[in-house]
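For reference, the structure discussed in these notes is given below.
The values are calculated or read from the model by the stated rules, or taken from the named source; none is laboratory data. Computed from a predicted model, the values in this text were never measured in an experiment. Positions of Cβ are backbone-derived with ideal geometry, glycine not excepted, and every protein chain shown enters the neighbour counts. SASA here: full protein model, heavy atoms, side chains in, ligands and nucleic acids out. Shrake-Rupley method; radii C 1.70, N 1.55, O 1.52, S 1.80 Å.
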Amino acid sequence: MDLNTQAEGAANANSARLVFRDDLLAGRTAIITGGSSGIGLGIAEVFGMLGANLVLVGRKVDKLEDARQILEPTGAQIMTVSSDVRDYDSTQDVVQQTVERFGGLDILVNNAAGNFHCPFEALTPNGWRAVIDIDLNGTFNFCHTAFQALKRSAWGGRIINISLSQAASGWPGSAHAASAKAGVTALTRSLAVEWGPHAIRVNNILPGPIENTEGLRRLYEVRNEASKELERMALGHFGQTDDIAQACAYLASPAGNFITGCDLTVDGGRWLKRGWV
Ligand code: HXC
């Protein structure tokens with residue numbers, strides 16, 4: 001198969017999956033933390049199909065390399081960086097490398113998260129700290145280090161924080177994650193106002209349980225709670241990574257120009273049915 005035919009084949013496969021036109025994010029550069037698996041990888045795939053340059057951040061080099069191979073058919077330019085969002089200096093390096101390689105930064109997706117089920121009285125100070133450090137301080141680190149680059153984006157910088165509806169309701173058994181995400185909510189709303197004059201839009205996406213993700217596996221499947229959780233879905237099924245990714249694409253695109261400081265819930269109506277395990 002010649003290169004043109006191969007490129008056409010990839011473009012056709014991309015268009016079949018997309019709900020947006022396939023140049024929606026052309027020319028933009030996106031950093032996606034936790035981009036080597038689950039929701040982060042799903043966002044990377046859709047952003048890549050929509051023409052964005054991708055910077056994937058994750059802790060494990062082998063997982064990042066696997067992700068690069070999965071993403072290559074999108075035709076995107078891909079950079080992978082092994083980095084821990086908890087390390088401020090390392091997030092500075094990621095932003096600097098991004099600007100050096102792609103000439104700028106337009107979209108930051110703070111997706112990296114730690115979470116595990118643990119009754120509060122059994123949670124150790126270090127367990128609490130680990131989740132707060134990843135989910136909340138990691139979001140601070142990347143927002144803080146990306147500011148100057150996002151300010152220069154020709155399209156208006158975008159920050160999309162992947163949060164949880166439990167940030168508002170609390171989450172018995174995952175108080176650390178709910179508390180960290182409540183902090184992210186406050187950070188999102190504060191930055192939306194502070195950075196509005198710089199044309200940077202800052203929003204939260206609130207996913208429900210998503211198939212084939214570590215969150216669903218460790219919080220529900222391994223605890224034999226998945227069928228009970230399914231009963232709490234208003235739509236009667238779990239989500240797909242594409243459901244979250246296309247919502248992120250919407251916020252990152254010109255359709256999101258007038259949206260800042262919002263919580264976009266993409267959870268199949270899960271939060272309305274309530275009930276925790
Ligand atoms: C109790 C636990 C624990 C568990 C870790 N700890 N796992 N305590 N139960 N299952 C404690 C450890 O004992 C330790 O405390 C402290 O947390 C730090 O653990 P480490 O493993 O040393 O740290 P680290 O390598 O930094 O990793 C911690 C972690 C990790 C980030 C929490 O478990 C992790 O990476 N989880 C996977 C990430 C994940 O699930 N992401 C998806 C989230 S999705 P001590 O005191 O012993 O030193 C999500 C949305 C869900 O949140 C939506 C609904 C489905």
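For the range 38-57, residues that are open to solvent by 10 Å² or more (accessible area, probe 1.4 Å) and either more than 19 Å from Asp242 (Cβ to Cβ) or of a type in the set (D, E, K, R) (or both) total 2.
Against the conditions (1) part of a loop (DSSP other than H, G, I, E, B); (2) more than 9 Å from the ligand (Cβ to nearest atom), where does Thr145 fall short? Just the number, please. Condition not satisfied by Thr145: (1). Exactly one residue out of Glu194, Glu221 is within 12 Å of the ligand (Cβ to nearest atom), surrounded by fewer than 18 Cβ atoms within 10 Å (Cβ to Cβ) and more than 16 Å from the chain's Cα centre (by Cα): that is Glu221. The residues on offer are Asn204, Asn212, and the sole one that is surrounded by 14 or more Cβ atoms within 10 Å (Cβ to Cβ), more than 19 Å from Ala178 (Cβ to Cβ) and within 16 Å of the ligand (Cβ to nearest atom) is Asn212. Residue check: Leu164 meets all listed conditions (1) crowded, with 24+ Cβ neighbours inside 10 Å; (2) within 14 Å of the ligand (Cβ to nearest atom); (3) assigned to a helix (DSSP H, G or I) but one, namely (3).
In the range 120-131, the residues that are open to solvent by less than 60 Å² (accessible area, probe 1.4 Å) reach residues that are near the ligand (Cβ under 7 Å from one of its atoms) with C-beta atoms within less than 7 angstrom, at least six apart or across chains, in these pairs: Gly127/Cys118; Ala130/Gly114; Val131/Gly114; Val131/Asn115; Val131/Ala177.
Can you find a residue in the range 192-203 that is of a type in the set (Phe, Trp, Tyr) and in a helix (DSSP H, G or I)? The answer is no; no qualifying residue exists.
Somewhere in the range 196-219, is a residue under 12 Å from Asn161 (Cβ atoms) and free of Cβ contacts under 8 Å to residues at least 60 places away in the same chain?
Filtering the range 196-219 for residues under 12 Å from Asn161 (Cβ atoms) gives 201-207.
Remaining after also requiring free of Cβ contacts under 8 Å to residues at least 60 places away in the same chain: 201-202.
Among the residues of the range 196-219, at least one is under 12 Å from Asn161 (Cβ atoms) and free of Cβ contacts under 8 Å to residues at least 60 places away in the same chain, which makes the answer yes.
For the range 224-237, the set of residues classified as loosely packed, with under 12 Cβ neighbours inside 10 Å and assigned to a helix (DSSP H, G or I) consists of Ser227, Glu231, listed by residue number. Scanning the range 67-79 for residues that are closer than 16 Å to Gly42 by Cβ and surrounded by 14 or more Cβ atoms within 10 Å (Cβ to Cβ) gives Ala67, Arg68, Ile70, Leu71, Pro73, Thr74, Ala76, Ile78. In the range 102-109, the count of residues that are out of contact with any His (no Cβ under 6 Å at 6 or more places or on another chain), more than 16 Å from the ligand (Cβ to nearest atom), among the acidic types (Asp, Glu) and at pLDDT 95 or above is one or more. When Asn111 is tested against (1) among the polar types (S, T, N, Q); (2) open to solvent by 40 Å² or more (accessible area, probe 1.4 Å); (3) under 26 Å from Gln166 (Cβ atoms), only condition (2) is not met. With respect to Val85, is the statement that it is within 16 Å of the ligand (Cβ to nearest atom) and aliphatic (A, V, I, L, M) true? Yes, satisfied.
Out of all the residues in the range 247-256, is one or more within 11 Å of the ligand (Cβ to nearest atom), open to solvent by 30 Å² or more (accessible area, probe 1.4 Å) and assigned to a helix (DSSP H, G or I)? Checking the range 247-256: not a single residue is within 11 Å of the ligand (Cβ to nearest atom), open to solvent by 30 Å² or more (accessible area, probe 1.4 Å) and assigned to a helix (DSSP H, G or I).
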